[in-house]
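Student: Below you will find the structure I want to go over with you.
Here, each number is a calculation from the coordinates, and none is a lab measurement. Because the structure is predicted, anything quoted here is derived from the model rather than measured. Here the Cβ positions follow ideal geometry from the backbone for every residue, glycine too, while neighbour counts run over all protein chains shown.
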Amino acid sequence: MTRLTQSFLQELRSGAVLAPMAGVTDMPFRRLCLEMGAVYGVTEMVSAKGYQMNGDTLRAARELLATDPSEQGRVALQLFGHEPDVVALAAERLSRSGKYFMIDLNMGCPVPKVTRNGEGSALMRSPETAYQVMRAAVEASCVPVSVKMRLGFEDGQETYLEIARMAEKAGISLLTLHARTRSQYYAGKADWTKIRQLKACTSLPVIGNGDIRDGEGALRMFAETGCDGIAVGRAAEGNPFVFREIRDALAGRAVRVPAPEERRAVLLRHARELCAFKGEELGVREMRRHVMSYVHGMRGATALRRTVNSLTRLEALLDTICRFFEETEPV
């Protein structure tokens, strides 16, 4: 069993972690966020069973597992599964690759195709199974193991404190709490008081997650919860600059708002690198979502969506983005 270093725990307080998001936190996006100041990034979640069946032979698996040398020591791999032996095998093999400084167990994903198999946030309903999965991963992994969880599966059935106690017993190194239940999905308001309660009841480092959108929110999260670190998910979509803003705010520096020219340059780079990574056809298709996140709040965004959704070639996408920024001013 390995533990996180004290220097890493100190670094946690200087910025924000890029939380794992399916379809978002691939290698090109993580690189952008790390350059903007993210403490570390977490991969899209990887099925432990899928990995055991297919290894890294399938293209989709290779993309999910891919890292860049610039991420060395700053990328964690997120695994999901509910069978201890299957999770252990994946954790053992993947932790030995040398690409990831930590394995993160997913106990927060709310989507039915995951929870119906007893995985993701469904593990919050079964603390004993969760414990067996955590213990198996810790015993098998040669890097530290963390857990990302929710308050519980249903409102009124919160199990996060019980899971935290079992995590300590299992040898988990760090906890991330998204302060919503599974039944909330992403609606309503994250309950930061529960992050404070978790911090008070566990000796493990706690990362708070939920509704941090800017530097001010980061400062409030630390002040109100006493957490050891913070994680940003949806607020980073189309906005890797949020990690720079949070670092500035935590350091007491003036916040640097990205000018349209910088936003355009980063968006163009994101498109090029995603297409180089996944191929032009898939890259352009996946960039449609990202483009709309980057231009959110700008005049003409609705019309741009219609145009972008019809494009299939990178050159056309880049030209469209350039024209949009030339013709549009922020609202």
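Student: Antiparallel versus total DSSP beta bridges in the chain: what percent is that, nearest 5?
Tutor: On the way: 2 of 31 bridges.
Around 5 percent of the beta bridges assigned by DSSP in the chain are antiparallel ones.
Student: Check each of the chymotrypsin sites (Phe, Trp or Tyr not before Pro) in region 121-194 and keep only those in coil by DSSP with at most 12 other C-beta atoms within 10 angstrom; list them in order. Mind dumping the intermediate values first?
Tutor: Numbers: sites: Y131, F153, Y160, Y185, Y186, W192; in loops: F153, Y185, Y186.
When the chymotrypsin sites (Phe, Trp or Tyr not before Pro) of region 121-194 are filtered for loop state and at most 12 Cβ neighbours within 10 Å, Y185, Y186 remain.
Student: Length gain on complete extension for the stretch E326 to E139, per 0.36 nm per residue less the alpha carbon to alpha carbon distance? Each step should come with its number before you reach the end.
Tutor: Numbers: separation 187, 0.36 × 187 = 67.32 nm, distance 5.52 nm.
So the chain would gain 61.8 nm between E326 and E139.
Student: Now for a different question. Taking R0 as 25 Å, what's the FRET efficiency between E261 and S293 from their Cβ-Cβ distance, rounded to 0.05?
Tutor: Numbers: r = 18 Å, r/R0 = 0.72.
For R0 = 25 Å, the calculated efficiency reads 0.90.
Student: Can you tell which of L151, L304, L174 shows the greatest fluctuation in a Gaussian network model of the chain with Cα springs below 10 Å?
Tutor: Ranking L151, L304, L174 by mean-square fluctuation puts L304 first.
Student: Using Cα atoms only, what is the angle between the long axis of helix 215-225 and the major principal axis of the chain, expressed in degrees (0 to 90) to the nearest 10?
Tutor: Between helix and principal axis, roughly 10 degrees.
Student: Along the Cα→Cβ direction, 7 angstrom out, place labels at R93 and R213. What is the inter-label distance in nm?
Tutor: 4.2
Student: Please tell me which of these pairs span more than 32 angstrom C-alpha to C-alpha: K49/K278; K113/K189; K113/K169; K49/K169; K169/K278? Don't skip to the answer; put the middle values down first.
Tutor: On the way: K49/K278 23 Å; K113/K189 24 Å; K113/K169 30 Å; K49/K169 25 Å; K169/K278 41 Å.
Listed pairs above 32 Å: K169/K278.
Student: Another question about this same structure. Which whole-number percent is the relative contact order of region 6-251 (Cα, under 8 Å, 6+ apart)? If you can, show how the numbers build up before the last one.
Tutor: Values: 551 pairs, mean separation 46.6, N = 246.
Computed value for region 6-251: 19 percent relative contact order.
Student: Before anything else, pin down the relative contact order of region 260-327: Cα pairs under 8 Å, at least 6 apart, normalised by residue count, whole percent.
Tutor: Values: 49 pairs, mean separation 26.7, N = 68.
Reported as a whole number, the value is 39 percent.
Student: Could you please report the charge total around E245, scoring K, R as +1 and D, E as -1 over all other residues with beta-carbon less than 11 angstrom from its beta-carbon?
Tutor: On the way: positive: R213, R244, R247, R253, R256; negative: D214, E216, D248.
Local net charge: +2.
Student: Among T67, T181, rank each residue by its count of other Cβ atoms within 10 Å, from fewest to most, as a rough exposure measure. Mind dumping the intermediate values first?
Tutor: Numbers: T67 19, T181 24.
Fewest-to-most ranking of T67, T181: T67, T181.
Student: A further question on this structure: Take R96, R116 and order them by how many other Cβ atoms sit within 10 Å, fewest up front.
Tutor: Working: R96 13, R116 10.
So the ranking, lowest neighbour count to highest, is R116, R96.
Student: Related question: Between beta-carbons, use under 9 Å as the cut-off and find the net charge around G226, counting Lys and Arg +1, Asp and Glu -1.
Tutor: Numbers: positive: R196, K199; negative: E224, D228.
Neighbour charge sum, excluding G226 itself: 0.
Student: Using only the alpha carbons, work out the radius of gyration and Dmax of region 6-251 in angstrom.
Tutor: Answer for region 6-251, Rg first and Dmax second: 16.3, 46 Å.
Student: Which aspartates and glutamates have a Cα lying under 16 Å from the Cα of K99, excluding residues fewer than 8 positions away in the same chain?
Tutor: Counting by Cα, and skipping residues close in sequence, K99 has these aspartates and glutamates nearby: D26, E44, D56, E63, D68, E71.
Student: Another question about this same structure. Report the relative contact order of region 49-145, percent, no decimals, based on alpha-carbon pairs under 8 angstrom and at least 6 residues apart.
Tutor: Values: 142 pairs, mean separation 29.7, N = 97.
Reported as a whole number, the value is 31 percent.
Student: Using the 2.2 N^0.38 Å rule of thumb for compact globular proteins, work out how region 34-157 stacks up: its C-alpha Rg over that value, please. Provide the component values of the computation, followed by the final result.
Tutor: Working: Rg = 14.2 Å, N = 124, 2.2 N^0.38 = 13.7 Å.
Relative to the 2.2 N^0.38 Å estimate, region 34-157 comes out at 1.03.
Student: Another one. What are the trypsin sites (Lys or Arg not before Pro) within region 206-296 that DSSP puts in a loop, where the Cβ has at most 12 other Cβ atoms within 10 Å? Walk me through the numbers before you get to the answer.
Tutor: Details: sites: R213, R220, R234, R244, R247, R253, R256, R263, R264, R269, R272, K278, R285, R288, R289; in loops: R213, R253, R256.
Hits after loop and neighbour filter: R253, R256.
Student: To test your reading of the geometry: what angle, between 0 and 90 degrees and rounded to tens, separates the Cα axis of helix 160-170 from the longest principal axis of the chain?
Tutor: 70
Student: Going 7 Å from the Cα of E168 toward and past its Cβ, which residues in region 183-199 have a backbone nitrogen under 19 Å from where you end up?
Tutor: Counting only backbone N, you get 194-199.
Student: While we're here: Just rank M36, M107, M45, fewest to most, by other beta-carbon atoms within 10 angstrom. Provide the component values of the computation, followed by the final result.
Tutor: On the way: M36 21, M107 29, M45 25.
By the 10 Å Cβ count, ascending: M36, M45, M107.
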